[in-house]
Amino acid sequence: MEFADLSNLVRSRRSIRRWQDKEVPEELLLQAIELATWAPNGGNQQNWRFYLIVNRDTIKTIADAVQVSANQIASWPEAEKFEDTATRLRERASFFHDAPVAIAVAASQYQSPIDQILVAREKTDPQAGQIRQWRNIADSRIQSVASAIAHLLLVLHQMGLGAVWMTGPMQAKAEIEKILKVPSEMDLVAFIPVGYPDESPESRGRRPVKEVCEVIR
């Protein structure tokens, strides 16, 4: 692939929230997921599990669970000073209920040997506890899954499909895990509705690289 082609692929990807009422070939989605598993990941743990949801009733059930949770959050007195957010929760939290397919992503629970050392050590050494806090900021299992999702979104875009990376549904994590039968040793971390796009969002642009990158010479 020429650099110009790669650049165009990355720059033209958009988060899609409306889809055509058109079936997506299951084999195409499995190919995309297979490529996503080639993403870099901590310790080559490959700690991800992808749930390819092609049953539309299941997607609707998940959307309903998310909406119930969203309505509850919006109803709390603490939400009154965030009126715009509360309105979006009531009106848009389950926007994906008509998505043709969806991919839920879970991450296995894992504690590296270093973390086990730090957990044992921090009982008597505050410095070990501080180090573990620093490491938790850069949670490797979440970074690994995020890397796979980034790969997945680009592959889906190249295939002519549109998707949106969601973490909002995690407010109904327990309900979704029950619906999908996610094993107890794994945690749901993302939800990705997919389909053929029925919208062409304009680019919001990006901040100049000079504003987000510092060169250390």
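Beta carbons closer than 6 Å, at least 6 apart along the sequence or on distinct chains, pair a first residue in the stretch 188-212 that is in a loop (DSSP other than H, G, I, E, B) with a second that is of a type in the set (S, T, N, Q) and surrounded by 10 or more Cβ atoms within 10 Å (Cβ to Cβ) for Tyr196/Gln20; Asp198/Gln20. Of the helices (runs of 4 or more DSSP H) lying entirely inside the stretch 1-77, the ones with 3 or more residues being surrounded by 15 or more Cβ atoms within 10 Å (Cβ to Cβ) are found at 26-36, 56-75. Taking the condition closer than 22 Å to Gln158 by Cα and out of contact with any Cys (no Cβ under 6 Å at 6 or more places or on another chain), does Glu23 pass? Here the answer is yes, as Glu23 does meet what is asked.
Cβ-Cβ distances below 6 Å connect the following pairs, each with a first residue in the stretch 1-28 that is at negative phi and small (Gly, Ala, Ser), a second residue that is assigned to a loop (DSSP other than H, G, I, E, B) and surrounded by 11 or more Cβ atoms within 10 Å (Cβ to Cβ), and a separation of six or more residues or different chains: Ser15/Val164.
Evaluate the stretch 171-182: report whether one residue or more is at pLDDT 95 or above and touching a Lys or Arg at 6+ places or on another chain (Cβ under 9 Å). Yes, the stretch 171-182 has at least one match. Taking each residue of the stretch 32-55 that is closer than 19 Å to Met186 by Cα and looking for partners that are basic (Lys, Arg) and assigned to a helix (DSSP H, G or I) with beta-carbon atoms closer than 8 Å, six or more apart or interchain, yields Gly42/Arg141; Gln45/Arg141; Asn47/Arg141. For the stretch 78-93, filtered to residues that are hydrophobic (A, V, I, L, M, F, W, C) and either crowded, with 18+ Cβ neighbours inside 10 Å or touching a helix residue (DSSP H, G or I) at 6+ places or on another chain (Cβ under 7 Å) (or both), the residue that is farthest from Pro169 (Cα to Cα) is Ala79.
Is it the case that some residue within the stretch 22-31 is in contact with a helix residue (DSSP H, G or I) (Cβ under 6 Å, 6 or more places away or on another chain) and basic (Lys, Arg)? Checked the stretch 22-31: no residue is in contact with a helix residue (DSSP H, G or I) (Cβ under 6 Å, 6 or more places away or on another chain) and basic (Lys, Arg).
Residues in the stretch 204-212: is at least one touching a strand residue (DSSP E or B) at 6+ places or on another chain (Cβ under 7 Å) and either of a type outside the set (Lys, Arg) or surrounded by fewer than 16 Cβ atoms within 10 Å (Cβ to Cβ) (or both)? Looking through the stretch 204-212, none of the residues is touching a strand residue (DSSP E or B) at 6+ places or on another chain (Cβ under 7 Å) and either of a type outside the set (Lys, Arg) or surrounded by fewer than 16 Cβ atoms within 10 Å (Cβ to Cβ) (or both).
The values are calculated or read from the model by the stated rules, or taken from the named source; none is laboratory data. Note that the coordinates shown come from a computational prediction; the quantities given were computed from them, not determined experimentally. As a convention, Cβ positions derive from the backbone with ideal geometry for all residues, glycine included, and neighbour counts pool all protein chains shown.
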